[in-house]
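Since the structure comes first, as structure tokens, the remarks are kept for the end.
Just so it is clear, none of the values below were taken in a lab; they were calculated from the coordinates. Keep in mind that this is a model prediction, so the values were computed, not measured. Virtual Cβ from ideal backbone geometry, glycine too; neighbours counted across all protein chains shown.
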Amino acid sequence: MVLKESENTIYSDSSRLQHEERGDPHAWGKRNWFQLGVFLATIGIGVQFFIYVHQASSNGVITVLRPPGVEGFLPIGALMGWKLFVQTGIWDPVHPAAMVLLGFAGFISLALRKSFCGWFCPVGTLSESVILSARNAMDAWNARGSVRSKMRWR
């Protein structure tokens, strides 16, 4: 194993080759674009629901329907619907979309392990973007700090 130093980082030849084979770790792939699409759809559903609640709480006419995707954020209602379905065979008429979304999430999680959180869940997308932003900010801060410290001590 040969160790090399590059930009204050020591790495072995094998780790360098693995990094080069994988490509740029910050490049956007299919998963990132899919996550962004799901995240934007979630934001769109939230905006539509906000407009619906605003119109429903006023005396005016309701021109926007309640988006069925909002039920994806009602896991307790979905669990109650699935309990009703298992016990009686009746599909829940109140929260049918919640049942479909929870069933989809459960099936994907069981069949493909971590793929639901890694590809579909908007919370995972948000947390990954916060972590990436924090890393980029810290890298920029550290780069400025090392330049400052070199300039002071010369």
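Count Lys and Arg as plus one, Asp and Glu as minus one, and take only other residues whose Cβ is under 14 Å from that of W119; the net charge is then +3.
Label-to-label distance for L36 and V123 is 2.4 nm, based on points extended 7 Å past Cα in the beta-carbon direction. Other residues whose C-beta falls under 15 angstrom from the C-beta of A105 contribute a net charge of +1, scoring Lys and Arg +1 and Asp and Glu -1. Compute the FRET efficiency between L65 and A111 as 1/(1 + (r/R0)^6), taking r as their Cβ-Cβ distance and R0 = 41 Å, and round to the nearest 0.05. After rounding to 0.05, the efficiency reads 0.80.
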